[in-house]
1. If you check every pair at least six apart or on different chains, which have Cβ atoms under 7 Å apart with a residue in segment 275-299 that is touching a residue at least 24 places away in the same chain (Cβ under 8 Å) first and a residue that is of a type in the set (Asp, Glu) and open to solvent by 10 Å² or more (accessible area, probe 1.4 Å) second?
2. Considering Gln237, Gln285, which residue is modelled with pLDDT of 95 or more and of a type outside the set (A, V, I, L, M, F, W, C)?
3. Does segment 353-361 contain at least one residue that is closer than 30 Å to Arg286 by Cα, touching a residue at least 12 places away in the same chain (Cβ under 8 Å) and either out of contact with any Lys or Arg (no Cβ under 6 Å at 6 or more places or on another chain) or not aliphatic (A, V, I, L, M) (or both)?
4. Filter segment 280-304 down to the residues that are over 21 Å from Ser157 (Cα atoms) and touching a helix residue (DSSP H, G or I) at 6+ places or on another chain (Cβ under 7 Å) and list them by number.
5. If I filter segment 279-299 down to residues being of a type in the set (S, T, N, Q) and open to solvent by 20 Å² or more (accessible area, probe 1.4 Å), which single residue comes out as nearest to Thr175 (Cα to Cα)?
6. Could you check segment 223-237 and list, in sequence order, the residues that are open to solvent by 80 Å² or more (accessible area, probe 1.4 Å) and within 18 Å of Glu198 (Cα to Cα)?
7. Taking the options Ile377, Ile398, Ile413, name whichever one is part of a helix (DSSP H, G or I), among the β-branched types (Val, Ile, Thr) and closer than 14 Å to Leu435 by Cβ.
8. Tell me the residue from Ser116, Ser132, Ser110, Ser121 that is at negative phi, at pLDDT below 95, open to solvent by less than 40 Å² (accessible area, probe 1.4 Å) and in a loop (DSSP other than H, G, I, E, B), please.
Amino acid sequence: MKNKIILALGLATFLSSCALYSAPKNVNVQIPDQFKYSTNSTNSTLNQSWWENFNDQKLNNTIKTALDNNLNYKIAIKNIQIAQTYVGQNQSALLPTINATYSSTRNQPSKNASNSPFSNSQIYNLHQAGLSASYELDVWHQIQNSVNQAKANVNLSKANADVVKLTLISNIAQTYFQLAALNLSIENFTQQLEAAKEILKLNEDKYKSGLINIEPVEDAKTQLENIKTVLNNLIKQKQLTQNTLAYYLGKYPEDFSLNPNTKDFIIESYAKLIPPQIPSSILTQRPDVKEAMYNVLSYAYAQKQALANFFPVFNLTANYGYASTNLSNFIENASNVWNFGLNILAPLFNYKKNTSIYERSKLQYEQAVLNYRNTVINAFKEVDNALASYKKDSQALISYQKNYQSAKNLYDIYKAQYEAGTVDYITYLNYKINLLNAYYNLINQNLLVKEDVISIYNALGMGLSN
């Protein structure tokens, strides 16, 4: 994994090369050959549901529950549905608008209107009913670009929902393993506390008998208080972690309790959990990269809409109906009224307004391109950091495994000697505490490596297939 994963940043060049009034086409992210991983392996080696690699059914069920109940994820899904309504709204502008009209007015004509058909009546009622239709000719593709922008915003909302989903899955997995590590640690320090209490009692008995001075007693008290402090902190941290997990699952903390599986928490090697020969194209799955890309497309369409404001608007209009001065025999005594024509609306005195709108849209587009580039660079950083952390923490895990094995060997030796009567009980208990401390360190280092593995999957954008 010494090679880097990289994506080409050619999106800005692509969009600027699009025709002035045509919609941007699909963006293909290119990958320079010199940055590719070996492509001898296929994506079949990459399990998108990466949490299943831990072989923990409780974890799998917890993630499924979170995806069904997490409120932030539900809100993100609703945002997709809201964005889809704008597509239909903008598409409606591509079709004629037809309205039924009716009006009833009381009128008084001018006395000088001698040619008016209503000149004999100073005051009259006029009843009109009919249909009106209008259709805007999309000469400059302004309406079509608004539809394309709405579609891009739908994809942007989907990518945002995937960001929420990916973050949720990673947070659930990390919190689940943190809770498992805390359970093991609390059990560990509970055993240390019992051993420390026995050591203190034995030293106090020896001190009272005059066999030792006060220093071993004070040391035993200090050790006991330190263990109590750590144990209390672990219990507090467990409650906070469990509350966090309840929040992710959309549940109230008061009604939530989960005991994660701790049986297979200690893993000797995590190499099998890391996908081998990762293809560089996998970074295109990252939802934040997709989100940034669709954001660029959205502002590109908005810029084209703003540019169309400088040109005339062409509208076809038509009206057909009836008009009568008598409502009682409206149909029989009505006159046909109709008209149709072409309306042209050209902007004259709102140039400053349109210029400001266009300049803003141009700046927003440029900002979106910069954000896209920044997102891609951040993706490189996160992948490199995750791989580097995994490498260093895996090396440290080997050291902790050796330390634990050494502590276990010493414990076994002194346990045998104690049972044989060659060493006292206090010495045996001290080596038991040393073993428990070594195991505690091993638990925490396993947790760190687990979090590194999760970070790698998260940085690669994996976990969105379900």
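The values are calculated or read from the model by the stated rules, or taken from the named source; none is laboratory data. Note that the coordinates shown come from a computational prediction; the quantities given were computed from them, not determined experimentally. With ideal geometry, Cβ positions are generated from the backbone for all residues, glycine too; neighbour counts draw on all protein chains shown. These accessible areas exclude ligands, DNA and RNA; they are computed on the full protein's heavy atoms, side chains included. Shrake-Rupley method; radii C 1.70, N 1.55, O 1.52, S 1.80 Å.
1. What qualifies is Pro287/Asp162.
2. Details: Gln285 fails: modelled with pLDDT of 95 or more.
From the options Gln237, Gln285, the qualifying one is Gln237.
3. In the first step, residues of segment 353-361 are kept if they are closer than 30 Å to Arg286 by Cα; the result is 360-361.
Now drop any that are not touching a residue at least 12 places away in the same chain (Cβ under 8 Å), which leaves 360-361.
When the remaining residues are screened for being either out of contact with any Lys or Arg (no Cβ under 6 Å at 6 or more places or on another chain) or not aliphatic (A, V, I, L, M) (or both), the result is 360-361.
Checked segment 353-361: at least one residue is closer than 30 Å to Arg286 by Cα, touching a residue at least 12 places away in the same chain (Cβ under 8 Å) and either out of contact with any Lys or Arg (no Cβ under 6 Å at 6 or more places or on another chain) or not aliphatic (A, V, I, L, M) (or both).
4. Ser280, Lys304
5. Residues of segment 279-299 that are of a type in the set (S, T, N, Q), as a first pass: 280-281, 284-285, 295, 298.
Pick out the ones that are also open to solvent by 20 Å² or more (accessible area, probe 1.4 Å) and you get 281, 284-285, 295.
Working: Ser281: 29, Thr284: 27, Gln285: 24, Asn295: 31 Å.
Once the filter is applied, the top-ranked residue is Gln285.
6. Step one: filter segment 223-237 for residues open to solvent by 80 Å² or more (accessible area, probe 1.4 Å), giving 225-226, 232-233, 235-237.
Across segment 223-237, the qualifying residues are Glu225, Asn226.
7. Values: Ile377 fails: closer than 14 Å to Leu435 by Cβ; Ile398 fails: closer than 14 Å to Leu435 by Cβ.
Only one candidate passes the filter, namely Ile413.
8. On the way: Ser132 fails: in a loop (DSSP other than H, G, I, E, B); Ser110 fails: open to solvent by less than 40 Å² (accessible area, probe 1.4 Å); Ser121 fails: open to solvent by less than 40 Å² (accessible area, probe 1.4 Å).
Exactly one of Ser116, Ser132, Ser110, Ser121 is at negative phi, at pLDDT below 95, open to solvent by less than 40 Å² (accessible area, probe 1.4 Å) and in a loop (DSSP other than H, G, I, E, B), namely Ser116.
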